[in-house]
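Below is one structure, written out as C-alpha cells; comments come after it.
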Amino acid sequence: MNHVMPPPCGAASGPLPPSAPGAPAPGAPTSAPGAPTSAPDGPTPGRPPELLRPAGGITLSRRSPDRSLALNAAVRANLDHLRPWLEWAAEAPTVARTAELTEAGMAAWDAGTDFIYLVGLDAEPGRVIGSFGLHRRIGPGALEIGYWVGTDHVGRGIATTAARALTGAAFALPGIDRVEIHCDPANTASAAVARRLGFRLDRTVDAPVRAPGETGRKQIWIQERPPTP
C-alpha cells in the first residue's frame, strides 16, 4: 500500500483511516488513519466528485460519519495486512478515534487539502473494503494518490480501477498537472498499480523508516496531464 489515510498509497492517502491496494497500498498517507495532511502551498482549486463509479461494480464515496463503524471494522480486520507499510496501522483504532478522524477528514475535504474516499462494492452494500485519497502535500500543481484494499479483495484489480478513477478526477481539477504515487521499493503490489496505470518511475529517494516493511527508500511514480489536442 502506499500511504493513504492517515496521512493512505498512497497514501491514498494520508488522511483518514487507511487507504491502499490489495497488498498494503502504495501511496497512502503515513499519519493516523484519517488524519488530514498538511498542504504545502494552499488548498486545491475546485473539489473532486464526492461519488465515483468506475467499472466493475466499485464505488468510491466521500468518507462520512454514517460509514465510520464499517471503516473501523475494516481497518481492525486488516491490521496484519496493513502494518508492514502503514505507520498508523501499528495498533487498532477505537471507534471513537475513527469517528474523530472522519470529522477531521471531512474538514480537510471542505478546506481543499485532502480528499478521502471509502471503497465499496455494489455486491456488498454497506461494507468498506478499502480507502483511497488524493492528497495536497507534494507541492503546487500536483496531488498524491494514497490507497489500501483489504486482504479479502486483493488481486481483483480494485486498486488499479479505483486509482485510475482518482487520476482522472485529479486531472479534472483546475491547476493540477501532475499526479504521483509514492511507495517503498519492497511494496511491489503498489508499484505494480502505478506501472499498470502508465505512471513512470521518476526517482527513488531516501525516506524515514516508519513501518516494519519499509527499507528506507521511496519510489516516486509520476503521471503528467496529457497535452491538450
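The values are calculated or read from the model by the stated rules, or taken from the named source; none is laboratory data. Quantities reported herein were computed from a predicted structural model and do not represent experimental measurements. The area values use the complete protein model at the heavy-atom level, side chains included, leaving out ligands, DNA and RNA. Shrake-Rupley method; radii C 1.70, N 1.55, O 1.52, S 1.80 Å.
List of remarks:
- Per residue value of the accessible surface for region 76-229 (all protein chains in place, 1.4 Å probe), Å²: 43 Å²
- Accessible surface of region 81-229 [probe 1.4 Å, protein heavy atoms]: carbon and sulfur percent: 53 percent
- Separation between Cα centres of region 139-158 and region 114-129, rounded to whole Å: 13 Å
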